[in-house]
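Only one structure is covered here, and it is reproduced in the block below.
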Amino acid sequence: MTVSPFHASGGSLRPDDPTYVERQADQDFYTALKQGEYCYVLNSRQMGKSSLRSRTQQRLQQEGIACATLDLSGGIDTDITSESWCYTLMDLLMRELKLQPEPSLAAWWDAQAPLSPHGRLERFFRDVLLAQITCPVVIFMDEIDTVLSLEGINRDDFFALIRACYNRRSDDPVYQRLTFALLGVATPTDLIQDPERTPFNIGRSIQLTGFSVTEAQPLVAGLAESVANPQAMLAEILHWTGGQPFLTQKLCNLVVQHTSRTPEPPKPPLLRGVWGGSSFGEIVQQQLIENWESKDEPEHLRTIQTRILAGEKRATRSLALYQQILDGEAVAATGSATQVDLRLTGLVVERQGQLQVYNPIYAQVFNSNWVTAAFAQVRPYAEAIQAWEKAEHQDDAYLLQGEPLTHALAWAEERTLSRSDYQFLVESQKLDLRQALEQATFELDELTNELVKKTQDLEQAEANLSQVNRSLTEARQELVEKTQTLEQAEAELSQVNNRLTTAQTDLHRVRRNTRRRSWAGAVGLTIALLGLGISVLETNKQRALAADFEAQAATAVAETEEALEQNQALTGTNTDLKDSNADLTADLTNLTEKTTELETQTTELETQYQQVSQEVAASRTAQQEAETASRNAQTRYISALRDLTMAEAA
């Protein structure tokens with residue numbers, strides 16, 4: 001069995017590996033670091049960054065430059081604190097560069113206690129590293145995207161420290177001997193994310209591209225023992241991989257392994273696409289593409305899938321952009337955030353100013369079916385939009401409405417979406433607005449009808465109130481008349497009472513006179529009788545006097561009879577007055593009863609008036625509520641119409 005010289009297990013290559021492919025980035029990276037330039041190699045995974053770092057480090061060390069590599073991909077707890085982080089970096093640098101803080105790193109660290117962790121790290125660079133090493137120093141920081149996932153440290157402070165070391169070169173020449181090289185899957189904007197700070201805008205970007213046919217010539221030697229035409233095979237491999245370093249090494253290894261399993265290797269020269277009776281494309285399909293998830297060892301394709309789906313907030317936008325590129329649409333490379341995110345997955349590459357799928361393997365693995373399945377993982381409305389697009393945007397039944405639309409809009413609020421997503425959501429909003437407009441119109445009609453009914457009820461209530469007011473006015477007028485009649489009867493009664501009082505006074509006076517006269521008559525009669533007796537006793541002398549007394553007695557009797565007649569007359573008058581008083585009292589009683597009846601009627605009318613007033617007030621309140629509801633409905637109608645107009649304009 002032939003031992004393959006190629007590396008299909010992943011990881012970085014040794015600097016002296018015969019299959020190492022030198023690219024333009026090798027010379028650019030080496031030259032820039034040798035000149036003391038800060039550099040960063042930020043690209044997708046398995047593009048050969050670590051191999052580039054290893055080979056460049058060896059070349060720099062051969063030039064007498066001290067180099068240290070801080071591989072951040074392992075051995076660091078995800079919950080590490082800033083203090084532990086900075087101490088760990090110092091310890092790694094001390095071991096890599098054989099430094100010796102006095103009396104020990106732990107003692108030195110404690111002695112810097114007033115400083116923050118990053119302040120101590122900066123002092124370590126100045127007072128320990130640059131003090132003990134007098135030649136130029138290059139610190140490679142590999143897998144820096146690992147730092148972005150550490151929540152316990154202040155990442156902005158760390159990368160700001162690296163920038164500060166660069167800026168101190170102008171004030172402190174010793175810093176000119178210190179150079180940093182950052183490698184990983186990130187963008188410069190990811191390194192310092194605080195908008196209040198200066199962004200990470202230093203250093204030179206090293207562009208790491210796929211292998212070209214010319215650059216990949218070191219691979220020919222490894223293929224020569226297995227195929228008749230290694231150049232043709234290399235071209236075929238690069239056709240399938242697009243020069244992607246990991247896949248190129250893997251396919252080269254596949255060729256060697258497959259040939260070693262063939263009992264009799266084909267003797268005719270290997271032509272492009274033909275290999276031992278089988279198409280090389282068929283071999284790629286069988287070994288890499290079909291059921292790729294179970295064959296993706298070491299992991300490569302799953303890494304791409306994880307990367308594109310990991311950032312859920314931006315995954316939809318990246319997937320939509322990839323769908324456009326996959327469908328063959330011309331997408332100019334603009335360097336937008338979405339394009340950078342997609343390029344960092346490794347799926348696409350820039351060629352001649354356009355974004356293209358990196359290679360045919362990616363195009364077949366991450367095909368339209370995969371995109372559809374990926375969308376289903378990140379979009380809550382995946383089935384609906386797929387059905388809507390399948391219906392060529394003509395069936396509104398698939399658009400979102402109500403709570404699903406509200407949920408989708410809330411989900412999309414903090415995410416960047418594709419054009420088709422925005423179109424789907426906008427059309428859903430339009431449909432929702434149209435239905436809301438129809439509902440508002442219906443409610444407006446209902447409220448209008450209710451308002452008309454309330455208005456009619458109000459008019460009827462006002463008519464009833466008017467009738468009650470008229471009745472009340474008439475009752476009040478009748479009450480006034482009855483009151484006047486009562487007052488007149490009371491005045492007449494007062495006059496009768498006055499006359500009665502006067503008659504009673506005259507009667508008392510007559511009675512007193514009668515009694516006096518009766519007494520006088522009795523006295524006179526007594527005197528006459530006495531005189532008669534005396535006269536009898538004195539004889540005839542007194543006859544004349546007796547006659548006088550008799551005459552006086554007769555007069556007194558006559559006066560007494562007259563007084564008695566007057567008394568009888570006054571008694572009759574008094575009886576008449578009593579009868580009249582009784583009649584007046586009866587009239588007064590009747591008037592009082594009528595007054596009470598009128599007051600009762602007045603109370604009832606006032607109660608009716610209050611009830612009618614309350615009904616009128618309620619009717620007016622209902623009318624106001626109906627008018628308010630009508631205005632609100634009109635407002636919603638106008639708002640819905642305006643939103644619909646704006647949505648249609650958008």
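Inside the stretch 385-411, residues that are surrounded by fewer than 19 Cβ atoms within 10 Å (Cβ to Cβ) and of a type in the set (A, V, I, L, M, F, W, C) make up a count of 7. Checking each residue of the stretch 32-51 against the condition of being assigned to a loop (DSSP other than H, G, I, E, B) and over 49 Å from the mean Cα position of the chain (by Cα) gives at least one match. The set of residues from the stretch 70-98 being hydroxyl-bearing (Ser, Thr, Tyr), within 13 Å of Leu150 (Cα to Cα) and part of a helix (DSSP H, G or I) comprises Ser82, Ser84. Within the stretch 216-262, which residues are assigned to a loop (DSSP other than H, G, I, E, B) and surrounded by 18 or more Cβ atoms within 10 Å (Cβ to Cβ)? Once the filter is applied, which keeps residues that are assigned to a loop (DSSP other than H, G, I, E, B) and surrounded by 18 or more Cβ atoms within 10 Å (Cβ to Cβ), the stretch 216-262 yields Ala216, Ser226, Val227, Gly242, Gly243, Gln244.
Across the stretch 600-639, the qualifying residues are those that are surrounded by fewer than 16 Cβ atoms within 10 Å (Cβ to Cβ) and small (Gly, Ala, Ser), and the one among them that is nearest to Ser471 (Cα to Cα) is Ser613. Can you tell me which residues in the stretch 305-331 are surrounded by 13 or more Cβ atoms within 10 Å (Cβ to Cβ) and not in a helix (DSSP H, G or I)? Selection gives Gly311, Val331. Here is a check on your reading of the model: is Ala397 closer than 16 Å to Lys430 by Cα, part of a helix (DSSP H, G or I) and at pLDDT 85 or above? Yes: the conditions hold for Ala397.
Could we say that Ile202 is in a loop (DSSP other than H, G, I, E, B), among the aliphatic types (A, V, I, L, M) and surrounded by 13 or more Cβ atoms within 10 Å (Cβ to Cβ) here? When the stated conditions are applied, Ile202 passes them. Please find, within the stretch 41-54, the residue that is modelled with the highest pLDDT out of those that are under 15 Å from Thr146 (Cα atoms) and in contact with a Lys or Arg (Cβ under 8 Å, 6 or more places away or on another chain). Only one residue fits best here, namely Val41.
Any residue in the stretch 99-115 that is under 28 Å from Gly11 (Cα atoms) and outside any strand (DSSP E or B)? The answer is no, given that none of the residues of the stretch 99-115 is under 28 Å from Gly11 (Cα atoms) and outside any strand (DSSP E or B). Within the stretch 344-364, if we keep just the residues that are more than 19 Å from Arg45 (Cβ to Cβ) and out of contact with any helix residue (DSSP H, G or I) (no Cβ under 8 Å at 6 or more places or on another chain), the residue that is surrounded by the most Cβ atoms within 10 Å (Cβ to Cβ) turns out to be Gln354. The lone criterion from (1) in contact (Cβ under 8 Å) with a residue 60 or more places away in the chain; (2) crowded, with 19+ Cβ neighbours inside 10 Å; (3) outside any loop (DSSP other than H, G, I, E, B); (4) not basic (Lys, Arg) left unmet by Leu150 is number (3).
When Arg302 is tested against (1) buried (at least 17 other Cβ atoms within 10 Å of the Cβ); (2) within 25 Å of Thr248 (Cβ to Cβ); (3) under 37 Å from the mean Cα position of the chain (by Cα), exactly one condition is not met: (1).
The values are calculated or read from the model by the stated rules, or taken from the named source; none is laboratory data. What you see is a predicted model, and the numbers here were worked out from it, not measured in a lab. Positions of Cβ are backbone-derived with ideal geometry, glycine not excepted, and every protein chain shown enters the neighbour counts.
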